[in-house]
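Comments concern the structure below.
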Amino acid sequence: MAQFVASRGAFTPVAHATQADNFVLTLLTAGNTARVKMYSWSGRGLTSTGFRTRWGRVNNTPATPTALTISSSNPGVTPVSSCNTYGTQATLAADPTALFAVDWNVLGGGGAIVLPIGGEWIISGGSLGTAYNQIACGNIAGAEASTSAYTIQWEE
């Protein structure tokens, strides 16, 4: 299976209780699946600022996508999934509900989680608003300009 990576940095995240504006991994093709293999967060701030970032399943129908650049591990392979930001933001259930959440410091903080074989997060294809076809990342706290970055790697 091919592996794909999308990253987002050099932007100003929005700290919001439920909106997820860092990125949204989306699979719109019915019958297809993708597995999240790894995700990460990192800071390059110059001051000590607390962030809270979480990843979860989208519970609304976001609109107006802007695609992020996707890199492929295999030349010539195009992903079926997309990784986007949305004009009408994706939302997550209220904190602390999440697939994963972390409190961290943007002053050099960060981490990466590699999901175990058989423990990957799976998305199933379907139209926008279909259950389980999107996984999003957003901040509850932390909104400094150009001080944080977020990455997701998946296979399909």
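Values in this text are rule-based calculations from the coordinates and carry no lab data. Note that the coordinates shown come from a computational prediction; the quantities given were computed from them, not determined experimentally. Cβ: placed from backbone, ideal geometry, glycine included. Neighbour counts: every protein chain shown.
Do you know which residues across segment 33-85 are closer than 24 Å to GLY111 by Cβ, aliphatic (A, V, I, L, M) and touching a strand residue (DSSP E or B) at 6+ places or on another chain (Cβ under 7 Å)? Walk me through how you get there before you give the answer.
Within segment 33-85, the subset closer than 24 Å to GLY111 by Cβ is 34-58, 68-71, 73, 81, 83-85.
After this cut, where a residue has to be aliphatic (A, V, I, L, M) as well, the list is 34, 36, 38, 46, 58, 68, 70.
Residues satisfying the conditions are ALA34, VAL36, MET38, VAL58, LEU68, ILE70.
Within segment 82-94, is even one residue in contact (Cβ under 8 Å) with a residue 60 or more places away in the chain, closer than 16 Å to THR33 by Cα and over 15 Å from the mean Cα position of the chain (by Cα)? Steps first, answer last, please.
So the first thing to find is which residues in segment 82-94 are in contact (Cβ under 8 Å) with a residue 60 or more places away in the chain, and the list is 83-86, 89-94.
Restricting the remaining residues to those that are closer than 16 Å to THR33 by Cα gives 83.
Checking the rest, the ones that are also over 15 Å from the mean Cα position of the chain (by Cα) come to none.
No: zero hits.
Looking at segment 143-156, which of its residues are among the hydroxyl-bearing types (Ser, Thr, Tyr) and either more than 18 Å from ARG54 (Cβ to Cβ) or surrounded by 21 or more Cβ atoms within 10 Å (Cβ to Cβ) (or both)?
SER146, THR147, SER148, TYR150, listed by residue number.
PHE4 - would you say it is over 13 Å from ILE152 (Cα atoms) and of a type outside the set (Asp, Glu)? Spell out how you get there, then give the answer.
Working: over 13 Å from ILE152 (Cα atoms): no; of a type outside the set (Asp, Glu): yes.
So PHE4 fails the test.
Consider THR97 carefully, then state whether it is within 20 Å of ALA63 (Cα to Cα) and not in a strand (DSSP E or B).
Here the answer is no, as THR97 does not meet what is asked.
Of these, ILE140, ILE135, which one is more than 13 Å from the chain's Cα centre (by Cα), buried (at least 20 other Cβ atoms within 10 Å of the Cβ) and under 22 Å from ARG52 (Cα atoms)?
Checking each option against the conditions leaves just ILE140.
Hey, could you check segment 145-156 for residues that are assigned to a loop (DSSP other than H, G, I, E, B) and not small (Gly, Ala, Ser) and say which is farthest from THR26 (Cα to Cα)? Before the answer, list the steps.
Initially, segment 145-156 is screened for residues assigned to a loop (DSSP other than H, G, I, E, B), giving 145-147, 156.
Still in the list and also not small (Gly, Ala, Ser): 147, 156.
On the way: THR147: 25, GLU156: 12 Å.
By that ranking, first place goes to THR147.
Considering only residues that are among the small types (Gly, Ala, Ser) and either in contact with a Pro (Cβ under 6 Å, 6 or more places away or on another chain) or under 16 Å from GLU155 (Cα atoms) (or both), which ones fall in segment 55-82?
SER71, SER72, SER73, GLY76, SER81, SER82
Name the residues in segment 120-144 that are in contact with a Pro (Cβ under 9 Å, 6 or more places away or on another chain) and assigned to a loop (DSSP other than H, G, I, E, B), would you?
Answer for segment 120-144, where residues must be in contact with a Pro (Cβ under 9 Å, 6 or more places away or on another chain) and assigned to a loop (DSSP other than H, G, I, E, B): LEU128, GLY129, GLY142, ALA143, GLU144.
Just a yes or no: is a residue in segment 100-119 touching a Lys or Arg at 6+ places or on another chain (Cβ under 6 Å), assigned to a strand (DSSP E or B), small (Gly, Ala, Ser) and surrounded by 13 or more Cβ atoms within 10 Å (Cβ to Cβ)?
yes
For (1) among the aromatic types (Phe, Trp, Tyr); (2) more than 18 Å from SER127 (Cα to Cα); (3) buried (at least 17 other Cβ atoms within 10 Å of the Cβ), each residue gets a yes or a no:
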| position | (1), (2), (3) |
| --- | --- |
| VAL36 | no, yes, yes |
| GLY43 | no, yes, yes |
| TRP55 | yes, yes, yes |
| THR61 | no, no, no |
| THR66 | no, no, no |
| SER71 | no, yes, no |
